[in-house]
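So the structure is just underneath, and the comments pick up after that.
The values are calculated or read from the model by the stated rules, or taken from the named source; none is laboratory data. No experiment lies behind these values; they were computed from the predicted model shown. Don't worry about glycine lacking a Cβ; one is built from the backbone with ideal geometry, like all the others, and counts go over all protein chains shown. Keep in mind that these areas ignore ligands, DNA and RNA; they rest on the heavy atoms of the full protein, side chains included. Shrake-Rupley method; radii C 1.70, N 1.55, O 1.52, S 1.80 Å.
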Amino acid sequence: MATKKSYTRRSNSKRKTKKSWTTRILLFSISFLVLVVTAFTVYHFRDGVLYYLGFKSNKNVNSLSKEERKIADIRIYEVLSKHPDKVVGFDVSQYQGTIQWNEIRKIEDAFQLQFVFVRATAGKNKVDSKFKNNWKQAKKHQFIRGAYHYYRPNENSIQQAENFIQTVQLEPGDFPPVLDIEQLPKKQSLDSLKVGLKRWLTKVEKHYKVKPIIYSGESYYNDFLKKEFSDYSFWIANYNFWRNEPESHWLLWQFTEKAQVSGIKGAVDINIFNGNLIYLRSTLVY
């Protein structure tokens, strides 16, 4: 007959055994879930993974860490490989420093770069220090080119439009002018911001005789621009790791800010035009 003490020991032992099995089952479930997610990710990006393993082992990492560079390369290759019929380009500003334009050919050694957007101005009086040279070199090296203005919400919209107009001379074969809006105002309401944006767009359209394109992030677009500016074409930035396709109504999709391009120091934004080269040239170029 078991004593009270020995019964208590056996009872505690059973509880410990039960707890141990519960912990094992929980750990197994978590491990299995991680394995499934990993397997799905590898399968989803299988082309990019294989490409990286085959060709990228000695790639320069620029300003990104080795792991960041690896993930960025896989992501870029995977997205571009799904859009062989679309046109690929990039955008630059003074932050890229002096660009070796004669070295720029392809992205990921496989996809031809055919257009470039160049920052021209910012606010009411800023002119990008590299704009003049970048604008000239882009044409010299036969890139379809576009110029954009970085809009500062707390500065006068008409003066900002005049700054862009005085700086940029568009020619046949160029993209329409681009308004880059990313910031929220600090000194005015959202309604006042939208009035200012419309004034910039109207003045610039009147001068160049072509409707401008609006650049913004997807969240900013959905929250503040989608309804009131629906008659404009949009260039949308969305770096979501799981997005592989642009929305049908996006004119351009900026899907990464971490590309590596020969001739350009540091990370570069890469964009997909939502159509083929014929559509771009015949319908949407200035």
Legend entry - Check on A147, open to solvent by less than 10 Å² (accessible area, probe 1.4 Å) and either touching a Cys at 6+ places or on another chain (Cβ under 7 Å) or part of a helix (DSSP H, G or I) (or both): no
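Select, from F229, F164, the only residue that is open to solvent by less than 10 Å² (accessible area, probe 1.4 Å), out of contact with any Gly (no Cβ under 9 Å at 6 or more places or on another chain) and closer than 17 Å to Y286 by Cα.
On inspection, the qualifying residue turns out to be F164.
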Legend entry - Cβ-Cβ under 9 Å pairs, at least 6 apart or on other chains, region 239-263 side touching a residue at least 60 places away in the same chain (Cβ under 8 Å), far side exposed (fewer than 15 other Cβ atoms within 10 Å of the Cβ) and part of a strand (DSSP E or B): V261/K106; S262/K106
Legend entry - Whichever residue in region 66-106 is at pLDDT 95 or above and among the basic types (K, R) and, among such residues, is most open to solvent (accessible area, probe 1.4 Å): K82
Legend entry - region 68-107, subset in a helix (DSSP H, G or I) and aromatic (F, W, Y), residue nearest to G263 (Cα to Cα): W101
Inset, instruction - Give the number of residues within region 220-249 that are in a loop (DSSP other than H, G, I, E, B) and farther than 18 Å from P177 by Cβ. - result: 16
